[in-house]
Amino acid sequence: SNQIKAASRWCHISTGYNNRTSGHTNFIGNGVGNVINGESGFIGTGTVDRVLDSKASGILGGDYNSIQSGVTYSIIGGGYSNDILSGSSKSFIGGGLGNLIWQSEGSTIGGGEGNLILPNASNSAILGGQLNTVGTGSTYTVIGGGFNNQAFSGNSSFIGGGQGNIIKNSPNARSNSS
């Protein structure tokens, strides 16, 4: 059965099974095993999606996605096993599989598989592709897509796409797709 904790206010669970919410103004539309605690959280549908101790953040659909503790104003559109971790407020993952934003505010992963934005890479983006990484400290960096592209410590760097492009320790660097 679904559960709205006793101290919660203005929360709603439409349908589904074993969904739980606590806090204020949270909404779960449907699904199985979804959890929201915090304030103004949203899960549209899915299985075992989590919006934990967050404010004004949501998951539209998908399975095993999570928005972690302390994250505000962030969204996961859908997909499977995508995570926005603590310290990544105002971030967005559109969909895909196994994408991660970790301690990097204002960052975006459009989609794809296994893309990572690592700590202190705020305001960076990976638009798509597979196994692309914006490394620790690489703020204002964009990887357009491709496979296994990496930008490490290259603030304001850009990799358009391609495969195996690497930027290391180079402020304001660009890489053409190969």
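The values are calculated or read from the model by the stated rules, or taken from the named source; none is laboratory data. Worth saying up front: this structure is predicted, and the values here are computed from it rather than measured. Because the Cβ atoms are built from the backbone with ideal geometry, glycine has one as well, and the counts that use them run over all protein chains shown. These accessible areas exclude ligands, DNA and RNA; they are computed on the full protein's heavy atoms, side chains included. Shrake-Rupley method; radii C 1.70, N 1.55, O 1.52, S 1.80 Å.
A few notes on this one:
- Filter result for Ser122 (over 22 Å from Gly161 (Cβ atoms), touching a strand residue (DSSP E or B) at 6+ places or on another chain (Cβ under 7 Å) and not in a strand (DSSP E or B)): no
- Residue in the stretch 141-149 that is of a type in the set (A, V, I, L, M, F, W, C), part of a strand (DSSP E or B), touching a residue at least 12 places away in the same chain (Cβ under 8 Å) and under 30 Å from Tyr17 (Cα atoms) present: no
- Matching residues in the stretch 66-95 - criterion: being open to solvent by 20 Å² or more (accessible area, probe 1.4 Å), hydroxyl-bearing (Ser, Thr, Tyr) and either within 22 Å of Tyr140 (Cα to Cα) or not in a strand (DSSP E or B) (or both): Ser69, Thr72, Tyr73, Ser81, Ser86
- Looking across the stretch 34-65, the residues that are open to solvent by 10 Å² or more (accessible area, probe 1.4 Å), within 18 Å of Ser8 (Cβ to Cβ) and assigned to a loop (DSSP other than H, G, I, E, B) come down to Ser40, Ala56.
- Residues that are of a type in the set (Val, Ile, Thr) and more than 18 Å from Trp102 (Cα to Cα), drawn from the stretch 117-172: Ile159, Ile166, Ile167
- From the list Gly98, Gly128, Gly160, the one residue that fits, being modelled with pLDDT of 95 or more, more than 18 Å from Ser54 (Cβ to Cβ) and buried (at least 20 other Cβ atoms within 10 Å of the Cβ), is Gly128.
- Any hit, the stretch 26-33, residues being crowded, with 17+ Cβ neighbours inside 10 Å, more than 20 Å from Tyr73 (Cβ to Cβ) and either in contact with a helix residue (DSSP H, G or I) (Cβ under 6 Å, 6 or more places away or on another chain) or not small (Gly, Ala, Ser) (or both): no
- Selection within the stretch 6-25 - at pLDDT below 95, in a loop (DSSP other than H, G, I, E, B) and open to solvent by less than 30 Å² (accessible area, probe 1.4 Å): Ser8
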